[in-house]
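The values are calculated or read from the model by the stated rules, or taken from the named source; none is laboratory data. This one's a predicted model, so the numbers in the text were calculated from it and none came from an experiment. Counting neighbours? That spans all protein chains shown, and the Cβs are built from the backbone with ideal geometry, glycine included.
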Amino acid sequence: MRAGGTTGWLAGAALLLASCGGGGPSSNGGATGGVTPPPTPPTAGNLYAVPAAESLSAADVGKVIAQAAAEARARNAAATIAVTDRVGNVLAVFAMPGASATATIPGAPNGDDIDVQGLTIPSAGAAIAKAITGAYLSSGGNAFSSRTASMIVQEHFPPAPTTAGLESGPLFGVQFSQLPCSDLAARAGDGLIGPKRSPLGLAADPGGFPLYRNGVVVGGIGVIADGVYGFDPNVLDRDNDLDEAIALAGTIGFEAPVSIRADRITADGTSLRYTDIEYPQIGDVAGASFAGTAGALVPVTGYYAGAALLAGSAYGTEASGIRPAAASEFAIRDAFVLSNGAGANRFPIRGGTDAGDVASPITEAEARAILEEAFGVMSRARAQIRKPLDSRAQVTISLVDTRGRVLGIVRAPDAPIFGIDVSLQKARTANFFSAPFAAGELLAAPGEVPEFVQRVRSFLGDPQALTGTFAFADRSGGNLSRPHFPDGEVAQPNGPLSRPIAQFNPFSTGLQSALVLGNLADHLGFVTGASATDTPRACTGLPAVAAGNPRLANGIQIFPGSVPVFRGGQLVGGLGVSGDGIDQDDMISFLGLHNAGARVGGVGNAPKDIRADRIVVQLGSRQVRLRFVNCPFAPFLDDPAQNVCEGL
């Protein structure tokens, strides 16, 4: 391994067409089970329904583990099994007799391992990451597994030997979110409830599923038994995956409703995959008892004490850390906010903290207008990844100032949890790469990070790149972060923020992974007991700003859904959106900011002449233009308008 060590990570592939549903007793929509409950209608005056207050009991957690262990025994395997609630609290980690304490991450295709490629990692960390992935990517309108995740983070979508030449997955890079160093994510024992961090970020190794009760996400299960924390690069075959079979058995009685599983949802016309293992392939495990299950609960430093099975919190309650906003916090009734467990909003709307850096920071009134207008665009938009069809989009919206300080976070009631951390990453990323300080702070970072500045400048033919001369949205930076440029064109070189394709896999994406390598190494040592000190609550080795954290304190994100915020020609912050389709995320940020500017004046999108779509890259005899945002063609439920971002 080169450039340091770290705790392992995600990688993924999955299969393509439908994943199927299937069998087993269930009240939540198994193929032979009961009827999926209809969605709860919104209350009078609201546009969105609030998920019912469902949760896992300690006995439920024991049942999930016992069923998974029974399937493992039937397959002559020994597994490590983790269960979390919807907001990432670890409710149990269970190791069967003979279960390996470690797993390995695949190496680089060319054998030159870098970042987290080729590492040995704790099995418990892998199981927790898979469980969190199933819980965080899912909602009452979509059920995604770690196999679904794997399909949407690789260099081609759908991933297969025969799909070279297609663009990268729509959530390319999402694996480097929910990081253990994130300043947003809660930690066990820090007094905050949720959402919790993941030891390995989001996982795409098959073997992670959401858990449902009466159509409501209540948690996730993650399993590792095969010793490899990797990914399946071929969606055109169907795997008999050991981890996936064991985890699927654990979901019996807590299955995702068939109608919202990933195989019922498409991206760019391609059906996603939920699982390669069908319920009829699972043994009769429904009568398994935790009391009779051989193995032991195991402590995981920083995540789980190992003393007992725990009950989960009900999402939407104060105890979950995510609750409805009070009228004094946000004017729109449908909004949810993050809470500290004692009633206080963790991220109340406020003005910018950067008065010493910009002439006119974002005011509290402007921040409120930006968040309200973005929320309004979301509530009118047709969802991309939710069922039934013509559901409203549900996302999380984050606003930051130029120091990366949070000026407010609001979300729809049933938006996926992963979007909280990701929306903040996106807001900070758009702000950072649009700023005059970007190159200087990258050059001051440790390790390989400074090298990326010259790579960008050489690639763009611009010695002043990353000094604020152009405004970058996440779609723009994402263009430069793919292992082929233009995205998917296999005959072309990698973008300057990516790894070359010969060295690339989802465990080493380029600048994104290099920025957090030291944090991941610190955390791996802490979890394994090699170090008594955990990674700081601040990602990246970038310089601290104004006696605070670095501007990118939860890492960067490299798929679309953000815009920088400008006042005339001056950068004043960033706006990030995550939780639905990437074009929807782009539109909500871009159009929401535009509408806020029209409402209150002063702030708005970057001037057209400095947007990154004015950057033209010379590739041999042809020229390729970067993108700024890409909005859906006919996005609204209440208006037939088309091309709604055109000309703005």
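Could you look through the stretch 200-227, keep only residues that are touching a Ser or Thr at 6+ places or on another chain (Cβ under 6 Å) and over 23 Å from residue 139 (Cβ atoms), and pick out the one that is surrounded by the most Cβ atoms within 10 Å (Cβ to Cβ)?
Selected residue: 224.
With 493, 450 as the choices, which residue is touching a helix residue (DSSP H, G or I) at 6+ places or on another chain (Cβ under 8 Å) and either modelled with pLDDT under 95 or assigned by TED's automatic domain parsing to the domain that holds residue 425 (or both)?
Unique residue meeting the criteria: 450.
Name the one entry in 333, 380, 350 that is over 17 Å from residue 413 (Cα atoms), surrounded by 14 or more Cβ atoms within 10 Å (Cβ to Cβ) and assigned by TED's automatic domain parsing to the domain that holds residue 409.
Sole residue among the options that is over 17 Å from residue 413 (Cα atoms), surrounded by 14 or more Cβ atoms within 10 Å (Cβ to Cβ) and assigned by TED's automatic domain parsing to the domain that holds residue 409: 350.
So is residue 123 surrounded by fewer than 22 Cβ atoms within 10 Å (Cβ to Cβ), at pLDDT 95 or above and assigned by TED's automatic domain parsing to the domain that holds residue 219 or not?
Values: surrounded by fewer than 22 Cβ atoms within 10 Å (Cβ to Cβ): no; at pLDDT 95 or above: yes; assigned by TED's automatic domain parsing to the domain that holds residue 219: yes.
Answer is no for this residue.
Looking at the structure I just gave you, is residue 203 of a type in the set (A, V, I, L, M), within 25 Å of residue 171 (Cα to Cα) and in contact with a Lys or Arg (Cβ under 6 Å, 6 or more places away or on another chain)?
Yes; evaluated as a whole, the condition is true for this residue.
Tell me the residue from 341, 312 that is in contact (Cβ under 8 Å) with a residue 40 or more places away in the chain and farther than 15 Å from residue 85 by Cα, please.
The unique qualifying residue is 341.
Determine whether the stretch 587-601 contains at least one residue that is in contact (Cβ under 8 Å) with a residue 40 or more places away in the chain, of a type in the set (Lys, Arg), under 28 Å from residue 174 (Cα atoms) and touching a helix residue (DSSP H, G or I) at 6+ places or on another chain (Cβ under 9 Å).
no
Condition first: free of Cβ contacts under 8 Å to residues at least 60 places away in the same chain and either buried (at least 21 other Cβ atoms within 10 Å of the Cβ) or in contact with a Cys (Cβ under 7 Å, 6 or more places away or on another chain) (or both). Now tell me which residues in the stretch 353-367 satisfy that.
367
Considering the stretch 229-247 alone, what residues qualify as being more than 22 Å from the chain's Cα centre (by Cα) and of a type outside the set (S, T, N, Q)?
Across the stretch 229-247, the qualifying residues are 236, 237, 238, 239, 241, 242, 245, 246.
Tell me, yes or no, whether the stretch 212-233 has at least one residue that is outside any loop (DSSP other than H, G, I, E, B) and on the phi > 0 side of the Ramachandran plot.
yes
Taking the stretch 274-285, which residues are touching a residue at least 40 places away in the same chain (Cβ under 8 Å) and either farther than 23 Å from residue 146 by Cβ or among the acidic types (Asp, Glu) (or both)?
Of everything in the stretch 274-285, those that are touching a residue at least 40 places away in the same chain (Cβ under 8 Å) and either farther than 23 Å from residue 146 by Cβ or among the acidic types (Asp, Glu) (or both) turn out to be 276, 278.
Looking at (1) modelled with pLDDT under 95; (2) in contact with a Phe, Trp or Tyr (Cβ under 6 Å, 6 or more places away or on another chain); (3) not small (Gly, Ala, Ser), which one does residue 619 not meet, given that it meets all the others?
Among (1) modelled with pLDDT under 95; (2) in contact with a Phe, Trp or Tyr (Cβ under 6 Å, 6 or more places away or on another chain); (3) not small (Gly, Ala, Ser), residue 619 violates only (2).
Keeping to the stretch 355-376, report how many residues are in contact with a strand residue (DSSP E or B) (Cβ under 9 Å, 6 or more places away or on another chain) and either closer than 20 Å to residue 411 by Cα or not hydroxyl-bearing (Ser, Thr, Tyr) (or both).
Here is the first cut: in the stretch 355-376, the residues in contact with a strand residue (DSSP E or B) (Cβ under 9 Å, 6 or more places away or on another chain) are 357-362, 364, 366-368, 370-372, 374-375.
Adding the requirement that they be either closer than 20 Å to residue 411 by Cα or not hydroxyl-bearing (Ser, Thr, Tyr) (or both) leaves 357-359, 361-362, 364, 366-368, 370-372, 374-375.
The total comes to 14.
Going by the conditions given, is residue 535 touching a residue at least 60 places away in the same chain (Cβ under 8 Å), in contact with a His (Cβ under 8 Å, 6 or more places away or on another chain) and crowded, with 24+ Cβ neighbours inside 10 Å?
yes
Please count how many residues of the stretch 231-253 are buried (at least 24 other Cβ atoms within 10 Å of the Cβ) and at pLDDT 95 or above. So that I can check it myself, show each step before the final result.
Start the filter on the stretch 231-253 by keeping residues that are buried (at least 24 other Cβ atoms within 10 Å of the Cβ), which leaves 231-232, 235, 243-252.
Right, trim to at pLDDT 95 or above and you get 231, 243-252.
Summing the residues that are buried (at least 24 other Cβ atoms within 10 Å of the Cβ) and at pLDDT 95 or above in the stretch 231-253 gives 11.
Can you tell me which of (1) hydrophobic (A, V, I, L, M, F, W, C); (2) surrounded by fewer than 22 Cβ atoms within 10 Å (Cβ to Cβ); (3) touching a strand residue (DSSP E or B) at 6+ places or on another chain (Cβ under 8 Å) is the one residue 530 doesn't meet?
So the condition that residue 530 fails would be (3).
Under 7 Å between Cβ atoms, which residue pairs at least 6 apart in sequence (or on different chains) link something in the stretch 501-523 that is among the basic types (Lys, Arg) with a partner that is crowded, with 24+ Cβ neighbours inside 10 Å?
Qualifying pairs under 7 Å: none.
Select from the stretch 151-172 the residues that are assigned to a helix (DSSP H, G or I) and out of contact with any Pro (no Cβ under 7 Å at 6 or more places or on another chain) and list them in ascending order.
161, 162, 163
With respect to residue 638, is the statement that it is in contact (Cβ under 8 Å) with a residue 24 or more places away in the chain and under 30 Å from residue 115 (Cβ atoms) true?
Taking the combined requirement at face value, the residue does not satisfy it.
Filter the stretch 74-106 down to the residues that are polar (S, T, N, Q) and not in a strand (DSSP E or B) and list them by number.
The answer is 76, 89, 100.
Within the stretch 506-625, considering only helices (runs of 4 or more DSSP H) that don't extend past its boundaries, which have at least 3 residues that are among the small types (Gly, Ala, Ser)? First the steps, then the outcome.
Details: elements: 511-515, 517-528, 582-600.
Output list reads 517-528, 582-600.
Count, please, the residues in the stretch 446-469 that happen to be assigned to a loop (DSSP other than H, G, I, E, B), touching a strand residue (DSSP E or B) at 6+ places or on another chain (Cβ under 7 Å) and surrounded by 15 or more Cβ atoms within 10 Å (Cβ to Cβ).
First pass over the stretch 446-469, keeping only residues assigned to a loop (DSSP other than H, G, I, E, B): 446-450, 461-469.
From what is left, the residues that are touching a strand residue (DSSP E or B) at 6+ places or on another chain (Cβ under 7 Å) are 461, 468.
Now narrow it down to the ones that are surrounded by 15 or more Cβ atoms within 10 Å (Cβ to Cβ): 468.
Going through the stretch 446-469 one residue at a time, the tally reaches 1.
Here's the yes/no breakdown for (1) over 26 Å from the mean Cα position of the chain (by Cα); (2) among the hydrophobic types (A, V, I, L, M, F, W, C); (3) not assigned by TED's automatic domain parsing to the domain that holds residue 467:
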residue: 551; (1), (2), (3): no, no, no
residue: 556; (1), (2), (3): no, yes, no
residue: 582; (1), (2), (3): no, yes, no
residue: 589; (1), (2), (3): no, no, no
residue: 604; (1), (2), (3): yes, no, no
residue: 615; (1), (2), (3): yes, yes, no
residue: 631; (1), (2), (3): no, yes, yes
